[in-house]
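Engineer: Have a look at the structure that comes next, please.
The values are calculated or read from the model by the stated rules, or taken from the named source; none is laboratory data. This is a predicted model, so every value here is computed, not measured. Neighbour counts are summed over all protein chains in view; Cβ atoms, including those assigned to glycine, are modelled from backbone coordinates with ideal geometry.
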């Protein structure tokens, strides 16, 4: 009778241990999904804000200094500046001395222009940091837009 009781206790301990391990693994997976969803939402928000600023452009956007990851967009009343620095995307608008941090955990960010037949297309390529070194998927985002000032030419 005592041996049967010990066997039942051992089986219950194994089941509780396996159940706890599975629960913790599911919680970690849910946390990773939540973080990925936040990263995707943040990247899409920054991309759409950049495209809105690009649509407001009054002249041709340009990189302010060679070799730096920044973009100056001339708008009515001044300019909007986007900068990639210290793993984050920063934005400043004319007349505002403060920089707004738009997105954290950014691996790389690039603004490129591509001459097309009737306009210049602007690309904003964004790569988010991965938690794992050998991640199967790299979170890459690419946005494209055309400034209205260039579209009219």
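Engineer: Here is a list: 119, 135. Which entry is touching a helix residue (DSSP H, G or I) at 6+ places or on another chain (Cβ under 9 Å) and at pLDDT below 90? Please lay out each step first, then the result.
Structural biologist: Details: 135 fails: touching a helix residue (DSSP H, G or I) at 6+ places or on another chain (Cβ under 9 Å).
One residue alone meets the criteria, 119.
Engineer: Just need a number here: residues in region 132-141 that are part of a loop (DSSP other than H, G, I, E, B) and surrounded by 13 or more Cβ atoms within 10 Å (Cβ to Cβ). Reasoning before the result, please.
Structural biologist: Within region 132-141, the first condition is being part of a loop (DSSP other than H, G, I, E, B), and the residues that meet it are 132-139.
Filter once more, so that each one left must be surrounded by 13 or more Cβ atoms within 10 Å (Cβ to Cβ): 139.
Looking only at that region, the number is 1.
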